Every structure is written in structure tokens, then in C-alpha cells.
Amino acid sequence: MISGLLAGLLWGLDTVILGLALASSSFVSTEQAIFLAPFVSTFLHDACSSIWMFIYMIIRRQLPKVLCALKTKSGKYIMLGALLGGPVGMSGYVSAIQYIGPTFTAIISATFPAVGALLSYVFLKEKMKPYQIIGLIVAIIGVICLGYSPENIEVKNVVIGFLCALLCVFGWASEAVICAYGMRDPDVNDEQALQIRQCTSAIFYGIVILTIISGWKLSVEVMQSSSFVIIGLSALFGTASYLFYYKAINSIGASKAMALNVTYSAWSVIFSFLILGTMPTVQGIVFGLVIILGSLLAATDINDFVKKKKYNK
């Protein structure tokens with residue numbers, strides 16, 4: 001549970017820092033740059049993250065094991081999860097914002113833990129108790145309310161936007177479930193899985209998506225600017241977040257890990273205040289607490305606490 005909460009906290013920090021990079025002149029100088037910004041920043045973020053993981057795995061002396069894991073069936077599953085959670089999920093998210101605006105996209109995408117819990121029940125046989133389901137619903141409602149902003153409603157194509165948002169939800173939810181299945185293999189631990197995930201996502205983004213949208217020119221320009229340093233810093237915190245996230249998936253299950261990870265929405269409010277000086281609103285504080293409390297309830301197994309208390313006695 002602590003790993004899951006740390007994953008959400010660090011992802012909130014990553015989100016705020018990455019927002020600083022996206023607000024720089026490199027990404028807002030032209031209309032084309034604005035259009036390409038989400039794709040290019042995601043590629044550079046995942047590429048930097050894969051490098052941070054590479055350094056981490058060298059220190060941990062696990063690179064040879066990563067190569068062995070790649071050859072296994074479980075390694076292939078993790079690569080599939082990486083493609084669904086990274087390029088597919090993020091592309092759906094970005095496209096949905098373009099067609100139905102950030103407000104509706106945030107509302108729809110916030111349901112991914114619920115879809116993930118359903119997929120975990122069907123494919124992984126993970127079960128959530130009634131009070132945990134209630135906690136998950138409360139957390140999701142908190143995320144939706146926190147992200148709702150009437151002034152940011154811009155609808156261009158409802159059908160396409162809705163389908164893109166659903167693609168995002170499916171991608172993010174299925175990533176956790178598929179990777180959880182892959183990490184059931186004793187030969188593939190959570191750290192090796194993350195190295196495979198980040199490399200797969202970065203390579204696919206670079207070779208396929210950036211080529212299709214002609215985003216390499218902007219990518220090179222950003223890499224030569226100060227914005228790249230900010231992206232690298234955000235990727236460092238993002239990598240730490242993913243390490244805790246995958247550890248939580250591997251230890252308490254995909255459904256509970258997703259419920260805790262979604263707390264990043266609440267943590268981002270705190271980091272926006274600490275880093276940007278953005279004063280949180282009453283709405284932000286209230287729904288931030290709702291998200292955290294709901295997520296804790298969703299991930300908590302009361303029976304475990306009762307058993308532990310009896311054992312200590």
C-alpha cells in the first residue's frame with residue numbers, strides 16, 4: 001500500500017514538472033508545436049525514463065536478467081502491456097483532448113481503475129470486497145469532480161473523442177493487468193518488467209508514432225533546449241513512480257495498485273502549490289482528500305489488519 005501511495009505521489013510531482021516543460025516556448029511557439037507537444041513530450045519522457053532505468057539496472061546488476069526476461073513468454077506479455085499503456089493509452093488520451101476537450105477526457109479517463117478492477121477479476125481472479133469497491137467508486141468520483149472544469153469544455157467531435165477516451169481507458173487498465181500477469185513468472189520481477197516497459201514504449205513512440213506525425217524535427221529541437229533538462233527531471237520522478245507502481249502491482253494486485261496510483265490527481269494539487277505557487281481551491285482540497293481516503297479504503301483489506309492484530313497479541 002505504501003508503494004502504491006508513493007507511486008501516486010511521485011506521479012503527481014512528475015505531472016507538475018512536466019507541465020513546466022510543456023509551458024516553455026519550445027512547445028508553444030507554433031500551432032504545429034502545440035499539436036505535437038503531447039506526443040513529443042511523452043516520447044522524450046519515456047526515452048529519458050528508459051535511460052534512468054538502464055542506469056538503475058546497471059547499479060542493481062540486473063541487465064543480464066532483463067535480456068533473459070525478454071526471451072520469456074512473460075516478457076512478451078509485458079511488452080504488449082507497455083504498448084497498450086504507453087502509445088495506445090496516451091495517444092487515445094491526447095486525441096480525446098483534441099476532440100472533446102480536457103474536461104470530458106479527464107472524466108472518462110478517470111474510470112480506468114474501475115475497468116482495471118473488472119479485468120483483474122476476469123483474468124487474474126482478483127476479488128475486491130464490497131467496501132473496497134465503494135472506496136474505488138468514491139476515489140473515481142473524486143477524480144472526476146477534481147478534473148471537472150466547465151470553462152474548458154470544447155467539443156469538436158463527440159463520437160471520435162469518446163472512442164479515443166475509451167481507448168485510453170482500455171489501454172491504461174489493460175497495462176496493469178497484463179503486466180501483473182507477466183510478473184507472476186518468478187523469472188521476471190517488477191524492476192525487470194519496468195525496464196522492458198519503458199524501452200518498448202520509447203522505441204515504439206520514436207519509430208512509429210513520431211514518424212507518422214512528423215514529430216522528429218520538434219523532438220531534436222527540444223533536446224537542444226533547456227526544456228529537455230526539465231523533461232529529464234520529470235522522467236526521474238516518473239521512473240521512481242513506476243518502480244513503486246509495478247512493485248505495488250506485483251505485491252497487492254493490479255486493481256488495488258491502480259486505486260492507489262490514481263491519487264496522483266490529489267498530490268498534483270499539493271505540488272502545484274509548492275512548486276508553482278498555485279493556491280489550491282476549496283474544491284481541490286476537498287476532492288483531493290476524497291480521492292486519497294477512497295483509494296486507501298479500496299486498497300485496504302481489513303481482514304489482514306485483524307489477523308495481524310491477533311498475531312501481535
LEU236 fails exactly one of (1) more than 16 Å from the chain's Cα centre (by Cα); (2) modelled with pLDDT of 95 or more, namely (1)
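To keep it simple, each residue is scored yes or no on (1) among the polar types (S, T, N, Q); (2) without any contact (Cβ under 8 Å) to a residue 12 or more places away in the chain; (3) at positive phi.
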{"residue": "ALA193", "(1), (2), (3)": "no, no, no"}
{"residue": "PHE204", "(1), (2), (3)": "no, no, no"}
{"residue": "LYS217", "(1), (2), (3)": "no, yes, no"}
{"residue": "GLU221", "(1), (2), (3)": "no, no, no"}
{"residue": "SER234", "(1), (2), (3)": "yes, no, no"}
{"residue": "THR263", "(1), (2), (3)": "yes, no, no"}
{"residue": "ALA266", "(1), (2), (3)": "no, no, no"}
Sort out which residues of the stretch 277-295 are assigned to a helix (DSSP H, G or I) and either among the small types (Gly, Ala, Ser) or out of contact with any Gly (no Cβ under 7 Å at 6 or more places or on another chain) (or both), and write them in order of number. VAL282, GLN283, GLY284, ILE285, VAL286, GLY288, LEU289, ILE292, LEU293, GLY294, SER295
For the stretch 104-117, indicate whether the set of residues that are more than 17 Å from the chain's Cα centre (by Cα) and farther than 27 Å from LYS65 by Cα is non-empty. yes
Can you work out which of the residues in the stretch 1-44 that are closer than 19 Å to ILE212 by Cβ and aliphatic (A, V, I, L, M) is surrounded by the fewest Cβ atoms within 10 Å (Cβ to Cβ)? ILE34
Those residues of the stretch 179-218 that are open to solvent by less than 30 Å² (accessible area, probe 1.4 Å) and either closer than 15 Å to LEU83 by Cα or not in a helix (DSSP H, G or I) (or both) come to a total of 19
Take the residues in the stretch 143-160 that are part of a helix (DSSP H, G or I) and within 30 Å of ILE285 (Cβ to Cβ), then tell me which one is most open to solvent (accessible area, probe 1.4 Å). GLU151
Exclusive hit being in contact with a Pro (Cβ under 6 Å, 6 or more places away or on another chain), open to solvent by less than 60 Å² (accessible area, probe 1.4 Å) and either hydrophobic (A, V, I, L, M, F, W, C) or at pLDDT below 95 (or both), set VAL94, VAL115: VAL94
Residues of the stretch 287-313 satisfying the condition of being surrounded by 14 or more Cβ atoms within 10 Å (Cβ to Cβ) and either modelled with pLDDT under 90 or within 11 Å of GLY142 (Cβ to Cβ) (or both): PHE287, GLY288, VAL290, ILE291, ILE292, LEU293, GLY294, SER295, ALA299, THR300, ASP301
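The values are calculated or read from the model by the stated rules, or taken from the named source; none is laboratory data. Here the structure is a predicted model, which means the values were calculated and not measured. With ideal geometry, Cβ positions are generated from the backbone for all residues, glycine too; neighbour counts draw on all protein chains shown. When the accessible area is computed, the model is the full protein with side chains, heavy atoms only, and any ligands, DNA or RNA have been set aside. Shrake-Rupley method; radii C 1.70, N 1.55, O 1.52, S 1.80 Å.
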